[in-house]
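Asker: The structure that follows is given in the form of structure tokens.
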Amino acid sequence: MISLESELTNRELDFAELKDKLERQQFTLGGNWDYNQGCFDRRLDGEKQTVWLRIPFEVSHGQIDPDAPQPGTRVVVGTPYVLRHLYNDGDDHDAHLYLLTATVNQFQAPVDPDASVSPEYVTKAKDVLRAVASSFA
């Protein structure tokens with residue numbers, strides 16, 4: 001994981017506006033959001049989906065509802081970072097099929113959830129962050 005400097009860090013923004021502008025820049029709301037915090041993710045390596053630019057946030061007023069953003073919900077943007085997850089390319093030979101958990105645990109864990117990130121992706125992430133920040137200028 002590599003933290004990145006951004007003009008957005010520590011800025012308080014309207015959640016609906018942030019979501020709209022980030023979605024226009026190919027970000028999606030990460031799956032680990034809850035009503036008080038979350039992150040927006042953008043993959044940087046195309047179909048591989050192992051290198052991500054993540055912009056975290058915390059709710060300062062209101063609650064998050066991604067399907068119907070609440071008017072007046074405000075968030076504080078955290079420090080963006082680039083991360084890389086390495087997965088096995090083949091079958092997970094250590095996987096066990098458990099009838100009750102198969103529908104929940106259907107994906108293998110990363111081999112390395114914090115793998116090194118090549119400089120080209122760090123540069124790309126910085127370029128994306130500059131474009132995002134300029135949309136809030």
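Asker: Using θ = phi - 60° and the Karplus relation 6.51 cos²θ - 1.76 cosθ + 1.60, list the HN-Hα couplings for segment 7-20 in order, rounded to whole Hz, with x at every Gly or Pro.
Answerer: Running phi through 6.51 cos²θ - 1.76 cosθ + 1.60 with θ = phi - 60° gives 5, 7, 4, 6, 7, 9, 9, 5, 4, 4, 5, 4, 4, 4 Hz.
Asker: Hey, can you grab everything whose amide H is under 5 Å from the amide H of residue 70? Only 5+ residues off in sequence or another chain; H modelled, so Pro and N-termini drop out.
Answerer: Close amide H contacts, sequence-distant or interchain: 65.
Asker: Something else now. Hey, what do the phi angles of segment 126-137 turn into as Karplus ³J(HN,Hα) couplings, whole Hz, using 6.51/-1.76/1.60 and θ = phi - 60°, x for Gly and Pro?
Answerer: Result, ordered by residue: 5, 5, 5, 4, 5, 5, 5, 4, 5, 6, 9, 6 Hz.
Bear in mind that the values in this text are calculations on the coordinates, not laboratory data. Model, not experiment: these values are computed from the prediction.
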